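Colleague: Sharing a structure with you now.
The values are calculated or read from the model by the stated rules, or taken from the named source; none is laboratory data. Everything quoted here is computed from the prediction, not taken from an experiment. Heads up, the Cβs are rebuilt from the backbone with ideal geometry, glycines too, and the neighbour counts pull from every protein chain shown.
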Protein chains: 2
Amino acid sequence: MARREEKVAEIVGHAWELARSQGFQGLSLRALATRVGMRQPSLYEYFASKDALYDAMFADANRQLLARLEALSLPADPRRALKSFFGTFTQFALEDDVRGQLMFLRPIPGFVPTPESYSWAQDVLGRAVDLLVAAGVTDPGDIDCFVAMVAGLITAQSSNEPGGDRWTRHLDRMIDLHLDDAQPRSTT
Amino acid sequence: MARREEKVAEIVGHAWELARSQGFQGLSLRALATRVGMRQPSLYEYFASKDALYDAMFADANRQLLARLEALSLPADPRRALKSFFGTFTQFALEDDVRGQLMFLRPIPGFVPTPESYSWAQDVLGRAVDLLVAAGVTDPGDIDCFVAMVAGLITAQSSNEPGGDRWTRHLDRMIDLHLDDAQPRSTT
DNA sequence: GTCTATACATCGATAGAC
DNA sequence: GTCTATCGATGTATAGAC
């Protein structure tokens, strides 16, 4: 019976709406229950704790991102593929503030994703690493720097000028910069 | 009479200790008052609200950083000066988790520094920009990318491997990469 | 300037009837 | 599975005696 899963998905959807309008701070079980149309204790029928709700949201966000990335038809050229992949990644991270925060920062004190939920995030990272290797970035240090660079642009954009492109417009140029830098060392 | 300032500084010091051991979440006025040796309502003699306490901590952290940076005797060579400056900056940001979070992230929902406190942070950024310009990085976009790169390394290090150097060890190399990239365009 | 006492709100979570 | 009722804790902030 999928009735339960549907209800869980519905609750998570309302939780996102609430978090978007009030922040994670305003995401109380009472407010959530009211929005869903039930009483606060009834939520415990679907989530054993508030952290379990957060965990479901975290997994949901990462599944969304994975679906978005899998829907891409990547160019054969590794460099263009990387730009498409991380361009989509960046757009996804920035188009929804609270979702991006939950995925990439730690906006909720004390909450740590379960390994099950975190595996979705690792899946995304794995695809990124595959593309980087295909583009000639094989050194682990170079991969770390590349990922940190993208995260740096996203974080700066999100916290200083949400909705703008002051930082993200440099993404392709920064990708080229990192690829050119890593290339000589990998092709020996 | 500086009695009052001394007491304020003492309270802020205890607040840092408490935040370090319990996180910002555990920084309650009750716990802080207990640690200081007074009752919770007495704190209102020194801070009009809890946000005022946060603001004092924010200003304190930025003043600490500014003092650390001003104590540096920077090399004459702009490139070496940049590495010294941002190396110190990075070390400062990472040597105290909660302090770095308060300065560079938004760990406290709803708290926004007052303009007076924020001016200290702008002072730090101003010095960084001066050094970048002296090193030939004059394009605002290049400056944005450079700052985002440093922040990206710090954030990755802090959130994935606090205490280590998996990301920060690439700082000098990344600085060279960005400087070499910006140079041709600035010297025409 | 520090205290006691307390107001007042909000929260997550549980017990138990239905 | 949903409800009412409530527990127990925490939080900021204020009133007023001393």
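Colleague: Which is surrounded by 14 or more Cβ atoms within 10 Å (Cβ to Cβ), at negative phi and under 16 Å from the mean Cα position of the chain (by Cα), of A:D51, A:D60? Give the derivation first.
Modeller: Numbers: A:D51 fails: under 16 Å from the mean Cα position of the chain (by Cα).
Only one candidate passes the filter, namely A:D60.
Colleague: Got a sec? Which helices (runs of 4 or more DSSP H) wholly within the range B:83-188 have at least 1 residues that are within 23 Å of A:H170 (Cα to Cα) and modelled with pLDDT of 95 or more?
Modeller: Filter on the range B:83-188 gives B:115-134, B:140-160, B:171-186.
Colleague: Across the range A:25-49, which residue is nearest to B:I108 (Cα to Cα) among those that are within 14 Å of another protein chain (Cβ to nearest Cβ) and modelled with pLDDT of 95 or more?
Modeller: First, pick out the residues of the range A:25-49 that are within 14 Å of another protein chain (Cβ to nearest Cβ): A:25-28.
Filter once more, keeping what is modelled with pLDDT of 95 or more: A:27-28.
Details: A:L27: 15, A:S28: 17 Å.
Step by step, filter the range A:25-49, then rank; the result is A:L27.
Colleague: Which members of the range B:17-48 meet the condition of being crowded, with 16+ Cβ neighbours inside 10 Å and either under 24 Å from the mean Cα position of the chain (by Cα) or not in a helix (DSSP H, G or I) (or both)?
Modeller: Those that are crowded, with 16+ Cβ neighbours inside 10 Å and either under 24 Å from the mean Cα position of the chain (by Cα) or not in a helix (DSSP H, G or I) (or both): B:L18, B:A19, B:F24, B:L27, B:L29, B:L32, B:Y46, B:F47.
Colleague: Sticking with this one: Restricting attention to the range A:149-162, does a residue exist that is surrounded by 20 or more Cβ atoms within 10 Å (Cβ to Cβ) and away from chain B (no Cβ under 12 Å)?
Modeller: Scanning the range A:149-162, I find no residue that is surrounded by 20 or more Cβ atoms within 10 Å (Cβ to Cβ) and away from chain B (no Cβ under 12 Å), so the answer is no.
Colleague: Tally time: how many residues in the range B:1-16 are within 15 Å of DNA strand D (Cβ to nearest atom) and either outside any helix (DSSP H, G or I) or at positive phi (or both)?
Modeller: Summing the residues that are within 15 Å of DNA strand D (Cβ to nearest atom) and either outside any helix (DSSP H, G or I) or at positive phi (or both) in the range B:1-16 gives 0.
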